[in-house]
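Input: a single structure, listed below in structure tokens.
Nothing in this text is a laboratory measurement; each read-out follows from the coordinates by a stated rule. Remember, predicted model here, so these are calculated numbers, not experimental data. Counting neighbours? That spans all protein chains shown, and the Cβs are built from the backbone with ideal geometry, glycine included.
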Amino acid sequence: MTQALVVTPLGGLGEIGMNALVLEQPAATGVERLLIDCGATFPSDDLGVELIHPRFDALLDAPDALAALVLTHGHEDHVGAVPFLLEALAPRRHGPLRIVGPRYAIELARERLNDGGIDEGHYLLEAVPVGVPTPVGGFLVEWVRVTHSIVDATALLVRTCAGTVVHSGDFKLEDEPLDGQPTDEARLARAGDEGVALLLSDSTNVFQEGKAGGELGVVNALEGLVASANGRVVVGLFASNVHRLGALEGIARRAGRHVCLLGRSVRKHSELGRKLGWLDWSSDRVVAPEIAATLPRSRVLYLATGTQAEPRAALARLAAGEHPDLQLDAGDRVILSSRVIPGAERAVFDMQDRLLARGVELVTRLTHPAIHVSGHAHRGEQRRLLELVRPRSFIPVHGTLSHLRRHAELAAEVGVSDTLVIRNGERAELRQEGLARGSSVVTGRVHRGGGEALERAVLDARRELARGGLVVAMVARGARGGAPSIEALTRGLPQPERADGLVAAAVKGVFTSGATRDDTRLVESLRRAIRHRLLAELGQRPVVEVRLVGGALP
């Protein structure tokens, strides 16, 4: 019987985003681990949470056993949690963590670590070229080129104690990618010929039939929309899509327009893309906002961030008329070359309404489907990858439970009989005889806001405040059994003046009933009475805080 390879997802299985997956195999010192990607996700509500990342408890029992973090590509849902991993590991490890991956991803990880204030002594960044097998502890890892909506994206071939594991990363099979670097199907097919024990493959678009489509069609659609515009044109896009950034500069040049970048993220990716040779922009084509403001409206193409209506991003500020560098006028054309991420629908549609109210011409996928394509494989491409790799076993990754189950069904249709659907924290053991479920580990989500991890009690309190509002009642006992003094502060309740009166009435009722002189019991009695009165009269369940104070209130 072969030794078992253990597969443990910490994020990304049972959800979209926050991807992080551990491979673990026996070693002379016990076990050794490889972490594939370390991503973050973003909240769908507004509780002061800036981002969410996985819990790393499963790595902290043996922090030195983690041989490396290997990255497939540089999207936030694959590299956004790297600083928090180091923050958790560094105090417990005896040496720096090796972080290995394609150069673009490594540079984005470097930026995250610098922003997070992580000491450089705690990590070693190593950019590797595709096609070069690299020893990582007892694992041997080879990065394989794939097409995705970010440059320098890769799949992984990992030699393990249980055989070769292929991790698809985020991928699609595009016939004519703009950078001329299609998914290396030949290398994946050779891996299949050599024998693949396990395939881990992206499930994001498993419900979409056919193929995802190519960037060339997007470029043609955008070219026509820019060329036919008479006023300003603003294109909103995912800033990490450097292929599309490069194509838009060419579109601007052919239309006789200059390019102006609006938003930190689009500036960051354009700078990094030029630095690493992915963007070949002419130096006089990109102009600063103050220069763009002096040019005729028909001579500027703005590239803007914030397609998901993030409150402080460029597009939301343009829609609100609050952007310091640009005020949109009637007749300007705004093109949203993007999709709406699940959870952001309401905010995005509200932003679109505000743009329309400003008199602009709004172009979206709903009116012009060709202006955006997904970077994730559709069902036909997922089938093709299964046929190329021909794995003995299959675990779907990157998706909700319905995505994962549907992808496992596809693998079975192709002829892979050994499939297993697992979610975050559920472990799979791979041996020669196939996959089996192992014991579970602690996983979960860590919410971050203001640079701090927010405890569940904090988030629960914020949700309760959002649902029912807040009442703070300052109560002073009356002298010698007289009437109490009351000062109420209410926030977020309807009919605030009436609410103040209801609070006062509830407090007086408690004292009239002969309340106990014990302060702790009195405070609880007052809190319950106030909540009961406000629920009965206003239908509200606010958070109620009661403070007993000495002396009469003014």
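Rg and Dmax of region 206-257, using alpha carbons, in Å: what are they?
Over region 206-257's Cα set, Rg and Dmax evaluate to 12.9, 41 Å.
With the convex hull built on the Cα atoms of region 215-370, state its orientation-averaged projected area in nm².
For region 215-370, the mean projected area of the Cα convex hull comes to 8.4 nm².
Mind putting a number on the dipole of region 215-370 about its Cα centre? Charges go on the C-beta only, +1 for Lys and Arg and -1 for Asp and Glu, and I need it in Debye to the nearest 20.
I would put it at about 200 debye.
In whole Hz, with x marking every Gly and Pro, tabulate ³J(HN,Hα) for region 94-101 from phi via Karplus 6.51 cos²θ - 1.76 cosθ + 1.60, θ = phi - 60°.
Values, residue by residue: 9, x, x, 8, 7, 10, 10, x Hz.
Of all DSSP beta bridges located in region 455-549, what percent are antiparallel, nearest 5?
Of those bridges, close to 50 percent are antiparallel.
For region 1-93, just run the numbers: alpha carbon Rg, then divide by 2.2 N^0.38 Å, N being how many residues it has.
Relative to the 2.2 N^0.38 Å estimate, region 1-93 comes out at 1.14.
Only helical DSSP H runs with n ≥ 4 go in: add -39500 (n - 2.57) per run for the chain, normalise by residue count and round the 222 nm mean residue ellipticity to 500 deg cm²/dmol.
About -9500 deg cm²/dmol.
By the gyration tensor of its Cα atoms, with a ≥ b ≥ c the square roots of the eigenvalues, what is the shape of region 263-348: rounded for a/c under 1.5, prolate for a/b over b/c, or oblate?
oblate
Out of all DSSP beta bridges in the chain, what portion is antiparallel? Express it as a percent rounded to 5.
50
Under Stokes-Einstein, with the Kirkwood radius over Cα pairs standing in for Rh, what whole-number D in µm²/s applies to region 361-447 at 20 °C and 1.002 mPa s?
Stokes-Einstein gives a translational diffusion coefficient of 139 µm²/s.
Which helices, taking whole DSSP H runs in the chain, have alpha carbons extending 27 angstrom or more along the helix axis plus mean Kyte-Doolittle at least -0.5?
Sorted by number, the helices that extend far enough and score high enough are 519-538.
Please give the per residue volume of the convex hull enclosing the alpha carbon atoms of the chain, rounded to a whole number of Å³.
Taking the convex hull of the Cα positions in the chain, it is 199 Å³ per residue.
Hey, what does the equivalent ellipsoid look like for region 1-156, semi-axes from the Cα gyration tensor as sqrt of 5 times each eigenvalue, largest first, whole Å?
23, 19, 16
Below 11 angstrom from the Cβ of L69, what's the summed charge of the other residues (Lys, Arg +1; Asp, Glu -1)?
After counting each charged neighbour, the total is 0.
Taking the dipole about the Cα centre of the chain, with the C-beta of Lys and Arg at +1 and of Asp and Glu at -1, give me whichever of V219, F42, P9 is farthest to the positive side.
Farthest towards the positive pole: F42.
So what's the projected area for region 86-233, the Cα convex hull averaged over all directions, in nm²?
Mean projected area of the Cα convex hull: 12.9 nm².
Quick one: net charge around E209, please, counting Lys, Arg +1 and Asp, Glu -1 for every other residue with C-beta under 11 Å from its C-beta.
Result for the neighbourhood of E209: +2.
Would you work out the charge dipole size for region 167-263 about its Cα centre, treating the Cβ of every Lys and Arg as +1 and the Cβ of every Asp and Glu as -1, and quote it to the nearest 20 debye?
Here region 167-263 has a charge dipole of around 640 debye.
Take C260, C161, C38 and order them by how many other Cβ atoms sit within 10 Å, fewest up front.
With the fewest neighbours first, C260, C161, C38 line up as C161, C260, C38.
Excluding P311 itself, what net charge comes from residues whose Cβ is under 9 Å from its Cβ, given Lys and Arg +1 and Asp and Glu -1?
0
Just need log10 I(q)/I(0) for region 419-554 at q = 0.15, 0.17 Å⁻¹, Debye formula, equal scatterers on the alpha-carbon atoms, no solvent, rounded to two decimals.
So the normalised log intensities work out to -0.79, -0.92.
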